[in-house]
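J.: Pasting a structure here, questions to come.
The values are calculated or read from the model by the stated rules, or taken from the named source; none is laboratory data. Everything quoted here is computed from the prediction, not taken from an experiment. All Cβ positions, even for glycine, are placed from backbone atoms using ideal geometry, and neighbour counts span all protein chains on display. The protein model used for the area step is the full one, side chains on, heavy atoms only, and it has no ligands, DNA or RNA in it. Shrake-Rupley method; radii C 1.70, N 1.55, O 1.52, S 1.80 Å.
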Amino acid sequence: MNNKIFTVIGGGTGTFSILNGLKKYSDHINAVVTMADSGGSAKKERDEWGLLPNSDIRKSLIALADISTKDSHLLRQLFQYRYSNQKGISGMTFGNLFLATLTKLLKSQKKAIEKAGDLLNIKGKVLPVTMDKINLKAVYEDASVIIGEHFIDEPLHDGRLAITNLSTQPQAKATKDVIQAIIKSDYLIIGPGGFYTTILANLVIDGVADAIRKSKAKKIFIMNLMTEYGQTYGFTASRFITELNKYLDSNLLDYVVINNKSIPDKIIKRYKKYHAQPVINDLNSSVKFKIIEDDLISSDLIRRVKGDKLHRSLIRHDPDKLACICMKILNLL
């Protein structure tokens, strides 16, 4: 283990993958997680219980959890368990219910997240990017406006339309813990994940982009494997970078990591019904950052968990491959 501080900015399964791999190399990992989730169990947490959404928090806690003993492995499985037939909580996970209950007992969602981290013996900290209650607001090229992460991620409108501006409603401030984590980091990793709904959803929070600019950390962006209908329809690698720079305001990246392994035809065919395709690397030598290409795809078959009602990715980044390549390019292996 090394003493360098890593901060990963994102949320969802993409952040889960990089955190799950990184914890083998460091005990000093900060997971800065979006609080804009509004679909699935998040709707119940927000509308009925008055809480910030816990799903991305839970995923990051699980990713960083200790699994060195049978009991710790069982606890991790418990947090992942999803109810499927129980009225009122079908589709929810034990981890989300645990965090909601712990919040009521401790009278603080921040304290509940910290206590859950202690119980799971996580390798670092999981930090909500803001404690403000927000919704994402997307403005599209036809001037239409969509409110809510879920409706951006799983569009009822024409998902080919490009998003011209992303913000939050109301405007939100990053927590002091998040700002300090970013500034004090040795290495910042942005992505992978839903580009607008998990990655840029963090960068539009007041204070985050400025902290990234001030940080002297080496900065890595992990490119998504596939485009997303409703968010990045038709995007190439250069389009991702152009859009990212709109919210960071300058070319701050030191490295961009992108997959170069071919995706199986049977997977591509399944993605076609979601209007998605592999991200094409059209970056050239004129960019200021170093381009790192490698096989990043997980060989694990992704199966839908019973009770899960949301659309999920069919392929994902491999945690070990991601972490290993990050450690190599940073000369830490």
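J.: Go through K59, K87, K24 for me and flag whichever is among the charged types (D, E, K, R), surrounded by fewer than 19 Cβ atoms within 10 Å (Cβ to Cβ) and touching a residue at least 40 places away in the same chain (Cβ under 8 Å).
T.: K24
J.: Taking into account only those residues within segment 49-104 that are part of a loop (DSSP other than H, G, I, E, B) and among the small types (G, A, S), which is modelled with the highest pLDDT?
T.: Ranking the qualifying residues of segment 49-104, first place goes to A65.
J.: Related question: Check S238, S262 and return the single one that is polar (S, T, N, Q), out of contact with any helix residue (DSSP H, G or I) (no Cβ under 6 Å at 6 or more places or on another chain), more than 19 Å from G10 (Cα to Cα) and modelled with pLDDT under 95.
T.: The match here is S262.
J.: Among the residues of segment 1-11, write down those that are of a type outside the set (A, V, I, L, M, F, W, C) and buried (at least 24 other Cβ atoms within 10 Å of the Cβ).
T.: If the condition is that a residue be of a type outside the set (A, V, I, L, M, F, W, C) and buried (at least 24 other Cβ atoms within 10 Å of the Cβ), then T7, G10, G11 are the ones that fit.
J.: Going through segment 62-84 one residue at a time, which ones are open to solvent by less than 10 Å² (accessible area, probe 1.4 Å) and farther than 19 Å from A112 by Cβ?
T.: Passing the criteria: none in range.
J.: Count, please, the residues in segment 27-56 that happen to be open to solvent by 40 Å² or more (accessible area, probe 1.4 Å) and either acidic (D, E) or in contact with a helix residue (DSSP H, G or I) (Cβ under 8 Å, 6 or more places away or on another chain) (or both).
T.: Of the residues in that region, 6 qualify.
J.: Hey, could you check segment 90-116 for residues that are under 18 Å from K176 (Cβ atoms) and of a type outside the set (S, T, N, Q) and say which is surrounded by the fewest Cβ atoms within 10 Å (Cβ to Cβ)?
T.: Looking at the filtered set, the residue picked out is K111.
J.: Return a yes/no flag: does segment 192-205 have any residue that is open to solvent by 50 Å² or more (accessible area, probe 1.4 Å) and modelled with pLDDT of 95 or more.
T.: no
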